[in-house]
Amino acid sequence: MILLLAPLIAAAAIGGMALFLRVQRGGQRELVGRVLEPASGGAQLPSILYFTGETCTICHTAQRPALRALAAGLDAGVEIREIDIAVEPELARRYRVMSLPTTIVLDAAGQVTDINVGFASGEVLRRQLVDAGMPVAA
C-alpha cells in the first residue's frame, strides 16, 4: 500500500515546491527597489544588473556569453553591470538575489522592470530593455 502512495506523495511535494517558488518569485518583484549606487550619473537608458558568482557554471558558460552577444548590438549608453555576490553581498541582499544567475533590468530612473532568475537569453533581455524604455533601432 505504501508503495502505491509514494508516487502521489512525491508528486504532491513537487507541486507544493513549484507553487512555493512561483509565489516567492512573484513577491521578489515587489521587494526590490532602486539601484543603491548607480554606476553612471544621470543614465538616459535602461541597464542590466547581472548577479554571478565564481562557482556558478551556468553564469560563465551561458549567461555571460549571452550578455556579451547582446552588448555587441546595443547602444553604448546601455550599461550591463556584472556583480559578483561574494564581492558585493550587500547589493545582492538588497535585491533579494537567491539564485544564480540573476539578471535585473532597470529603467533609466533605476526602477526594476524585470527580474530573471536563472538563465535569460539575449532575446528575452533585449525585449525587456525595450519594454524598459530603450529606443528601438530603425
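The values are calculated or read from the model by the stated rules, or taken from the named source; none is laboratory data. It should be emphasised that the depicted structure is a prediction, and the values quoted were computed from it without experimental measurement. Every residue, glycine as well, gets a Cβ built from its backbone with ideal geometry; the counts of neighbours run over all protein chains shown. Protein only, heavy atoms only, side chains kept; ligands, DNA and RNA dropped before computing areas. Shrake-Rupley method; radii C 1.70, N 1.55, O 1.52, S 1.80 Å.
Across the stretch 51-78, what is the total count of residues that are acidic (Asp, Glu) and touching a Leu at 6+ places or on another chain (Cβ under 8 Å)?
1
Could you tell me whether Arg34 is modelled with pLDDT of 95 or more and surrounded by 11 or more Cβ atoms within 10 Å (Cβ to Cβ)?
No, not satisfied.
Any chance the stretch 13-25 includes a residue that's open to solvent by 100 Å² or more (accessible area, probe 1.4 Å), closer than 15 Å to Thr103 by Cα, outside any loop (DSSP other than H, G, I, E, B) and at pLDDT 80 or above?
No, every residue in the stretch 13-25 fails to be open to solvent by 100 Å² or more (accessible area, probe 1.4 Å), closer than 15 Å to Thr103 by Cα, outside any loop (DSSP other than H, G, I, E, B) and at pLDDT 80 or above.
Can Ala43 be described as under 21 Å from the mean Cα position of the chain (by Cα), assigned to a loop (DSSP other than H, G, I, E, B), modelled with pLDDT under 70 and surrounded by 11 or more Cβ atoms within 10 Å (Cβ to Cβ)?
yes
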